[in-house]
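Asks: Structure in structure tokens, see below.
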């Protein structure tokens, strides 16, 4: 792992963990205490390894696991610590870009249950895409491709978490464009599952968009071109789902696309330093 990326990421995580501690104390809700303890211990271990064994082959995976561990703690931050919501700001930006409406207002999945189920399946596939790629490049962790992958994915999370802290928002589905049921059975299953894990601040930028595009692009960069091509339509469905299901404003997706392009350019630059073949 690059020390600059690791250091920045650990600092951002420290801020999130500290804010979560404040939220827990203010709310006197200690249901997340066990998770908070585990995340804190893993963070301390990561800091120790940063100074002692940054080149430990499993370090990138450890930092990735920390990103998933900190997500549930964000609920404490958004509810009891952060004093404002960026929903109104993002809403206004969308209106200026998309002709007086926010982007989600142009789509009503409730009227098209079959289409909604197909797109919702793409949204749910994101988690398999992410875990599958993490497993693949963990196996290749000692190759340049594995190292660049984890540097890139941690960079994406770092920038995403900064956006969450600076522009916390609750998604259109929980503010101006509530979901009213409908859609097919897959849509209802996906929305119910996703809604249970909503943090109230993980909207801008859209990491679903950024990470999906990055993974497909990175698979292409590292020689998995056929797999990348096969996955591309599914990823388009994933990105569309973030709007169709009202989990993101249009501006979130735009910034997610920009972020993915920037990181893909960096990953290609890093890969070019050492020849790599699958």
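The values are calculated or read from the model by the stated rules, or taken from the named source; none is laboratory data. Fair warning: this is a prediction, and the values are worked out from it, not measured in the lab. Cβ sites come from the backbone with ideal geometry, for glycine too, and all protein chains shown count toward neighbours.
Asks: Return the only residue of 235, 261, 254, 211 being surrounded by fewer than 15 Cβ atoms within 10 Å (Cβ to Cβ) and modelled with pLDDT of 95 or more.
Replies: Numbers: 235 fails: surrounded by fewer than 15 Cβ atoms within 10 Å (Cβ to Cβ); 254 fails: surrounded by fewer than 15 Cβ atoms within 10 Å (Cβ to Cβ); 211 fails: surrounded by fewer than 15 Cβ atoms within 10 Å (Cβ to Cβ).
Selected residue: 261, the only one of 235, 261, 254, 211 that is surrounded by fewer than 15 Cβ atoms within 10 Å (Cβ to Cβ) and modelled with pLDDT of 95 or more.
Asks: Determine if the range 189-209 includes at least one residue that is within 27 Å of residue 155 (Cα to Cα) and more than 20 Å from the chain's Cα centre (by Cα).
Replies: no
Asks: Take residues that are free of Cβ contacts under 8 Å to residues at least 24 places away in the same chain and farther than 30 Å from residue 110 by Cα and tell me which of the helices (runs of 4 or more DSSP H) falling wholly in the range 163-278 contain 3 or more.
Replies: Numbers: elements: 185-196, 207-221, 225-244, 250-272.
It comes to 225-244, 250-272.
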